[in-house]
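Engineer: Sharing a structure, written as structure tokens. Questions coming.
The values are calculated or read from the model by the stated rules, or taken from the named source; none is laboratory data. All figures in this text were calculated on a predicted structure; none of them were measured in a lab. Methodologically, a virtual Cβ is constructed for each residue, glycine included, from the backbone with ideal geometry; neighbour enumeration extends over all protein chains shown. SASA here: full protein model, heavy atoms, side chains in, ligands and nucleic acids out. Shrake-Rupley method; radii C 1.70, N 1.55, O 1.52, S 1.80 Å.
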Amino acid sequence: MGIEGHVPDTDTSLQELVLDSRDVRDFLAELAVLAAARLSGPGNTIHSGVTVLRRKRPEVVACSDDVAAALDELQNSFGDGPCLTALRTGTTILAADLSTEQRWTPYVQAAAGQGVSSILAVPLDLAGEAEAVLNLYSDRVDGFSGEDIATVEAFAGQAASSLRLVLRITQLRETRNDLAAAMQSRTVIDMAVGAIMAENRCSSDEAFGILTRASNARNVKLREVAAAVVTSIAGQQQVPTYFDE
């Protein structure tokens, strides 16, 4: 297949994906497309997918095309196959000729019926951040040579490093957003407490108690109750009496 000649600038491409991706799913979608494009050779079109293990259940996260998406979903429906085996064992799995493959019989027969002749699955080492595998499908028997496998494993290693970075960036972004949301909630609650203190001539603890009881009685989040108080104050002269003790 000679795919080694198709990945000379993989590092640069992956760096660009990290910079351009909005989140993990976006990165993986672009990664699947990049893998298929770079690993295909003359007369041997490669379809690529990425499966991630979440809460001990495999989930198809991204695919280069509809063919890869159908094959990944099909494998997950059977609950077994080369890609899931690679995901669970952390080792590269090759099914060189589906017509003679003795493993994963139900899935292999179904995949062969879709025109696939060989499958290569390479796990992505995410160092505990998550578990993922790169799934490659070829319509040729022996579509992946030993040299090809080494090239794919090198590509997967580079991709895993980039994905770990994306996961950490995403985690930091989510932490920042959580902190911003918490600060916003705290501000709204403090404003509501101040308004209730002024209206009821009570202490901050008493005002907070009024908010809390209203939240519990109505089964509404404290921030939403506080926001309702602030909104009512902004549009009316007095706080609605249902916050009174």
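Engineer: Return the residues of region 43-52 that are farther than 14 Å from Leu134 by Cβ and open to solvent by less than 10 Å² (accessible area, probe 1.4 Å); say none if nothing qualifies. Walk me through it before giving the result.
Structural biologist: Kept after step one, since they are farther than 14 Å from Leu134 by Cβ, are these residues of region 43-52: 43-45.
Within region 43-52, just Asn44 meets the criteria.
Engineer: Can you name the residue in region 212-225 that is assigned to a helix (DSSP H, G or I) and closer than 13 Å to Arg186 by Cα and is also modelled with the lowest pLDDT among such residues? Reasoning before the result, please.
Structural biologist: Of all residues in region 212-225, those assigned to a helix (DSSP H, G or I) come to 212-218, 222-225.
Filter again for closer than 13 Å to Arg186 by Cα, leaving 222-225.
Details: Leu222: 76, Arg223: 81, Glu224: 82, Val225: 80.
The residue in question is Leu222.
Engineer: Any residue at all in region 41-48 that's under 19 Å from the mean Cα position of the chain (by Cα), at pLDDT 80 or above and under 22 Å from Ser118 (Cα atoms)?
Structural biologist: Step one: filter region 41-48 for residues under 19 Å from the mean Cα position of the chain (by Cα), giving 48.
Filter once more, keeping what is at pLDDT 80 or above: 48.
Filter once more, keeping what is under 22 Å from Ser118 (Cα atoms): 48.
Checked region 41-48: at least one residue is under 19 Å from the mean Cα position of the chain (by Cα), at pLDDT 80 or above and under 22 Å from Ser118 (Cα atoms).
Engineer: Moving on. Name the single residue that is modelled with the highest pLDDT among those in region 49-81 being outside any helix (DSSP H, G or I) and hydrophobic (A, V, I, L, M, F, W, C). First the steps, then the outcome.
Structural biologist: Residues of region 49-81 outside any helix (DSSP H, G or I): 49-65, 79-81.
Okay, now just the ones that are also hydrophobic (A, V, I, L, M, F, W, C), so 50, 52-53, 60-63.
On the way: Val50: 85, Val52: 76, Leu53: 71, Val60: 56, Val61: 70, Ala62: 79, Cys63: 88.
Checked region 49-81; the qualifying residue modelled with the highest pLDDT is Cys63.
Engineer: Oh, and also: Report the residue count in region 87-121 for those that are among the charged types (D, E, K, R) and buried (at least 22 other Cβ atoms within 10 Å of the Cβ). Walk me through how you get there before you give the answer.
Structural biologist: Here is the first cut: in region 87-121, the residues among the charged types (D, E, K, R) are 88, 97, 101, 103.
Filter again for buried (at least 22 other Cβ atoms within 10 Å of the Cβ), leaving none.
Going through region 87-121 one residue at a time, the tally reaches 0.
Engineer: Within the set of pairs 6+ apart or on separate chains, which have a first residue in region 20-33 that is acidic (Asp, Glu), a second that is at pLDDT below 75 and part of a helix (DSSP H, G or I), and C-beta atoms under 7 Å apart?
Structural biologist: Asp23/Thr170; Glu30/Leu17
Engineer: Tell me, yes or no, whether region 5-25 has at least one residue that is in a loop (DSSP other than H, G, I, E, B), modelled with pLDDT of 55 or more and surrounded by 18 or more Cβ atoms within 10 Å (Cβ to Cβ).
Structural biologist: Among the residues of region 5-25, not one is in a loop (DSSP other than H, G, I, E, B), modelled with pLDDT of 55 or more and surrounded by 18 or more Cβ atoms within 10 Å (Cβ to Cβ), which makes the answer no.
Engineer: Could I ask something else about it? All but one of (1) farther than 16 Å from Ala156 by Cα; (2) hydroxyl-bearing (Ser, Thr, Tyr); (3) open to solvent by 20 Å² or more (accessible area, probe 1.4 Å) hold for Ser40; which doesn't?
Structural biologist: (1)
Engineer: Could you please let me know if Leu126 is at pLDDT 90 or above, of a type outside the set (S, T, N, Q) and either at positive phi or under 27 Å from the mean Cα position of the chain (by Cα) (or both)? Please lay out each step first, then the result.
Structural biologist: Details: at pLDDT 90 or above: no; of a type outside the set (S, T, N, Q): yes; either at positive phi or under 27 Å from the mean Cα position of the chain (by Cα) (or both): yes.
No; evaluated as a whole, the condition is false for this residue.
Engineer: Of the residues that sit in region 122-143 and are open to solvent by less than 10 Å² (accessible area, probe 1.4 Å) and assigned to a loop (DSSP other than H, G, I, E, B), which one is farthest from Arg25 (Cα to Cα)?
Structural biologist: Only one residue tops the list, namely Gly143.
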